[in-house]
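In what follows, a single structure is set out as structure tokens and then discussed.
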Amino acid sequence: MGVLYSKADDPGLDAAIERALAEGPLTIVRPGKPSMVMLSAADYERLRGELAVPSSPTPRNLIEALLRPVDAADIDLDDAIGGRHGPETRKPVDFGADAI
């Protein structure tokens, strides 16, 4: 990856950098069409997946996790759905002749 050093005497570039840092990624348009995106180093690293936070997987890790085969023996439905769908939470149904 190339490196561009910002000079204090370039007010346009400095303003763009400050805007991208404050507002998020900044699309740069050259002759009527988007040509690149300026974003903070932290956003770039997050997108590259180098700063993966265990509670917030990066898109690459999320896709890999979703594509990974799951062994049904590893799934505990009682733990997954809790007691809110157990037999004691349902009303009894009477299928007798006078129930209609």
Number of the condition not met by Tyr44 [criteria: (1) within 25 Å of Glu64 (Cβ to Cβ); (2) assigned to a strand (DSSP E or B); (3) of a type in the set (Ser, Thr, Tyr)]
(2)
What are the pairs with Cβ atoms under 9 angstrom where one residue, in segment 10-22, is of a type outside the set (Ser, Thr, Tyr) and the other, located anywhere, is in a helix (DSSP H, G or I)? Sequence gap at least six, or different chains.
Ala20/Asp43
If Val3 satisfies all but one of (1) at pLDDT below 75; (2) assigned to a loop (DSSP other than H, G, I, E, B), what's the number of the condition it fails?
(1)
Can Gly32 be described as at positive phi, modelled with pLDDT of 75 or more and not hydroxyl-bearing (Ser, Thr, Tyr)?
yes
Restricting the search to segment 27-37, which residues are of a type outside the set (A, V, I, L, M, F, W, C), under 30 Å from the mean Cα position of the chain (by Cα) and over 19 Å from Arg48 (Cα atoms)?
Arg30, Lys33, Pro34, Ser35
If we keep just the residues of segment 1-26 that are exposed (fewer than 10 other Cβ atoms within 10 Å of the Cβ) and closer than 16 Å to Tyr44 by Cα, which is nearest to the chain's Cα centre (by Cα)?
Glu23
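The values are calculated or read from the model by the stated rules, or taken from the named source; none is laboratory data. On a predicted model such as this, the values are computed, not experimentally measured, just so you know. Backbone-built Cβ (ideal geometry, glycine too); neighbour counts: all protein chains shown.
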